[in-house]
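These notes concern the structure reproduced below.
The values are calculated or read from the model by the stated rules, or taken from the named source; none is laboratory data. Everything numeric in this text was worked out from a predicted model, so none of it was measured. Neighbour counts run over all protein chains shown; Cβ positions are idealised from the backbone, glycine included. Note: areas computed on protein heavy atoms with side chains; ligands, DNA, RNA excluded. Shrake-Rupley method; radii C 1.70, N 1.55, O 1.52, S 1.80 Å.
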Amino acid sequence: MISFDNVSKTFKRHKVLDGVSLSIATGERVALVGSNGAGKTTLIRCLLGEYLHEGAVTVGGLDPKSNRKAVLSRVGFVPQIPPPLKMPVGELVNFAAAVCGSDPGRIVAMVRELGLDWDQVRRLPFVKLSGGMKQKMLIGIALGRDADILIMDEPAANLDPEARHIFFHQLHERKERAVMLITSHRLDEVAALVNRVVEMDQGRIALDDKVADDVDMNARLDCTVRLTRTEAAFAKAMAEWGFASDDGGIGWRGVVNGPDRLRFLGVLARYAGLVAGIEMK
């Protein structure tokens, strides 16, 4: 589906990509990880046909630079930083649907499923939406189109727990018929979503490995956490996950999405000295 063959890219004598060769097949969900400056974003920009480069990039056998419209019609892209678009949300949806000949109604339905009030936001300039609303809009556009290539940069970072569950469910529905390329600075943020990890360092592939693919992206785990004492900072963190306490802040109960379990445990690790017990089932 996607092929990078000895791809190099230089900016002002600084080589950002250095002979990258990589093939990604349908059904693969790839975590593209690495520190800032590792080359992740530049590699994606080459895939989207935005940069001239050495070597060859093909998507379904097509060069994305010379066949940009055909390639972009297959791509759902969720950037980490939303673009500062001033056009109304309704116009943005119509434009995004027209690019790939999709029904804008499908995008609207996806946006509503993610929890946005379409009637409230449709006339607002995209740039005026909150961070979480922008993220839901961009995910709704990506998943509501006829796209079989999903490129997502920290895609669920600003989503509430229910929207994350819906997002994971949609990825699960597409996992056999799409290519997914999910970029992140941290593997634990995306590990449960992928079946392959590619790590970049200084413009090169430092690691390319398959990972266990046994996580049900539809799973929801009932979770109980008990503390040795109350703590205001912990209470605030748990409230952000939708947890509640019925005994004054010692015991906390809530639901964690299966793919979020490592992320949740990472939050608990910050309060390891307070945690007396954890149960997830």
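What the table shows:
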read-out: Number of the exception - Gln80 against (1) in a loop (DSSP other than H, G, I, E, B); (2) surrounded by 17 or more Cβ atoms within 10 Å (Cβ to Cβ); (3) at pLDDT below 90; (4) of a type outside the set (D, E, K, R); value: (2)
read-out: So Phe167, is it among the aromatic types (Phe, Trp, Tyr) and under 16 Å from the mean Cα position of the chain (by Cα); value: yes
read-out: Of all residues in segment 19-57 being surrounded by fewer than 16 Cβ atoms within 10 Å (Cβ to Cβ) and acidic (Asp, Glu), the one that is farthest from the chain's Cα centre (by Cα); value: Glu54
read-out: Residue match in segment 89-112 (condition: in contact with a helix residue (DSSP H, G or I) (Cβ under 8 Å, 6 or more places away or on another chain) and in a strand (DSSP E or B)); value: no
read-out: Segment 177-190, subset at pLDDT below 85 and open to solvent by 30 Å² or more (accessible area, probe 1.4 Å), residue nearest to Met110 (Cα to Cα); value: Glu189
read-out: Arg174 open to solvent by 60 Å² or more (accessible area, probe 1.4 Å), in contact with a helix residue (DSSP H, G or I) (Cβ under 9 Å, 6 or more places away or on another chain) and of a type outside the set (A, V, I, L, M, F, W, C); value: no
read-out: Selection count where residues are assigned to a helix (DSSP H, G or I) and open to solvent by 40 Å² or more (accessible area, probe 1.4 Å), scope segment 113-129; value: 5
read-out: Leading residue by the ranking (modelled with the lowest pLDDT) among those in segment 137-160 that are farther than 21 Å from Ala98 by Cβ and open to solvent by less than 40 Å² (accessible area, probe 1.4 Å); value: Ala156
read-out: Answer from Lys86, Lys69 - the residue that is part of a loop (DSSP other than H, G, I, E, B), among the charged types (D, E, K, R) and either surrounded by fewer than 18 Cβ atoms within 10 Å (Cβ to Cβ) or free of Cβ contacts under 8 Å to residues at least 60 places away in the same chain (or both); value: Lys86
read-out: Residue satisfying all of: in segment 192-220; surrounded by 14 or more Cβ atoms within 10 Å (Cβ to Cβ) and in contact with a helix residue (DSSP H, G or I) (Cβ under 6 Å, 6 or more places away or on another chain); modelled with the lowest pLDDT among these; value: Val215
read-out: Residue match in segment 233-243 (condition: touching a Pro at 6+ places or on another chain (Cβ under 9 Å) and closer than 30 Å to Thr42 by Cα); value: no
read-out: Residue list for segment 236-246, restricted to those being touching a strand residue (DSSP E or B) at 6+ places or on another chain (Cβ under 9 Å) and surrounded by fewer than 16 Cβ atoms within 10 Å (Cβ to Cβ); value: Gly242, Ala244, Asp246
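Rundown of residues vs (1) of a type in the set (Val, Ile, Thr); (2) at pLDDT below 90, yes/no style:
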site	(1), (2)
Gly34	no, yes
Arg45	no, no
Gly55	no, no
Val89	yes, no
